[in-house]
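Everything on this sheet refers to the single structure shown next.
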Amino acid sequence: MRGWTPPVGAEVDYSTYVHWALLGYLAIQLIVLIPASGAGSTGETWLDTFTSLLPFLVVLYVLMLHWSNLERLPLEQLRYAKSTMGVMGLDFVVDFWVAVATQNQSRAISR
């Protein structure tokens with residue numbers, strides 16, 4: 001949020017907490033997603049795929065602000081943003097693959 005800054009010296013701590021919470025969420029999501037996708041509808045898997053795209057786009061926006069010198073990120077936050085973008089990109093690819101596989105499976109069953 002523009003203008004908000006964490007307490008002095010706590011920037012890295014906040015970035016670390018958010019980063020590990022995100023990685024934990026993604027691990028749980030991927031562990032649950034693949035077995036549950038067989039029972040879910042194609043609409044649910046596609047919804048999950050595109051909701052994974054939203055955090056990726058938010059981090060990309062923050063990085064674009066940094067790269068265009070509109071906002072400056074400290075080095076540690078820049079590293080976390082880049083790794084988060086990579087993890088979210090990987091999550092999107094896996095979710096997309098699962099959605100396509102689920103859609104193909106439902107088409108094969110309906111024939």
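Summary table below
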| item | result |
| --- | --- |
| Residue 96 accessible area, 1.4 Å probe, all protein chains in place, Å² to nearest 10 | 90 |
| Positive-pole candidate from 68, 101, 26, dipole of segment 25-111, charges at beta carbon | 101 |
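The values are calculated or read from the model by the stated rules, or taken from the named source; none is laboratory data. Predicted model only: the values in this text are computed from it and were never measured. Note that each Cβ is placed from the backbone with ideal geometry, even for glycine, and that neighbours are counted across all protein chains shown. Keep in mind that these areas ignore ligands, DNA and RNA; they rest on the heavy atoms of the full protein, side chains included. Shrake-Rupley method; radii C 1.70, N 1.55, O 1.52, S 1.80 Å.
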